[in-house]
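Here the structure is laid out as structure tokens; the discussion comes afterwards.
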Amino acid sequence: MRTVTAPTLASIGNDSGPAARHLEAVLHTLKAGVAVIDEHGDVVSINRTLETVLGAADQLVVRRGRIAAVLAGENARLQAAITDCGGSAGDRSVARDIPVWGSRGTAPLIVSVCPVGEAAGSIGMNRPVLVVVVDTAPSVGLDDRFLRDAFQLTDAEALVAKRLVGGDTLSDIAAAKGITLHTARSQLKAVMSKLGVSRQSELVAMLSKCDNVLRREQAFWPPAVGHA
């Protein structure tokens, strides 16, 4: 796995340090991989998700301080988009979405090159560009982290909810977890209370809708590869 390092937004100096550090902290929370590119095409900052993606993928690299596609033809399109979005002569109002293939025939990464508006001045940058990288590999739908964060479920409750959506019965879940059916029912009751439903069928229907939405959205905004 390649190790990827980059300067930080706060290192650009001026009076923008606090704003830059705040923005960088926000970028590190995103599930999508994001790089901040300056007007010269150089990488200013890379969030942790993109560090992971770049370390594992064969489609993109950081080469001489710049985001680059491994394949020459893909890289020409990527660099043209970055130049156009960041340059003063380009159309900076439109984002570019570019599929970037790798050398091993794996699913492409979708790279969105997005110009940043006037707010960029608050971090002391002139015409910066965001490069947003998402993976088109199959999504995982509902996961424990989503269930915990979205509905304040415990680990045990999240597992019950996920397995119910997957088609398991409460007896199946109790046997798999090594708990009594009474305990499994108590956990199910807690899940239904937190989601505001009164029947198991309503719970499964609600979570199935969430699962479908997540699977559609994650085709473009998937969870980070190897995120904690």
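Quick notes on this one:
- Accessible area (Å², per residue) of region 24-83, counting only protein heavy atoms and a probe of 1.4 Å: 40 Å²
- At R0 = 45 Å, FRET efficiency that the Cβ-Cβ distance of Ser171 and Asn126 yields, to 0.05: 0.10
- The figure for His28 is an accessible area of roughly 50 square angstrom, using a 1.4 Å probe on the protein chains alone.
- On the basis of the beta-carbon distance and an R0 of 45 Å, Val204 and His40 show a calculated FRET efficiency of 0.30.
- Per-residue extension of 0.36 nm, minus the Cα-Cα distance of Asp155 and Thr29, leaves a gain of 43.3 nm for this segment.
- Cα-based reach from Lys162 at 18 Å (exclusive), listing lysines while leaving out same-chain residues under 8 positions away: Lys177, Lys189, Lys194, Lys209
The values are calculated or read from the model by the stated rules, or taken from the named source; none is laboratory data. Treat the numbers as computed from the prediction; the structure is a model and nothing was measured. Here Cβ is always computed from backbone atoms with ideal geometry, including for glycine, and neighbour counts include all displayed protein chains. Side chains included, ligands, DNA and RNA excluded: accessible areas come from the protein's heavy atoms. Shrake-Rupley method; radii C 1.70, N 1.55, O 1.52, S 1.80 Å.
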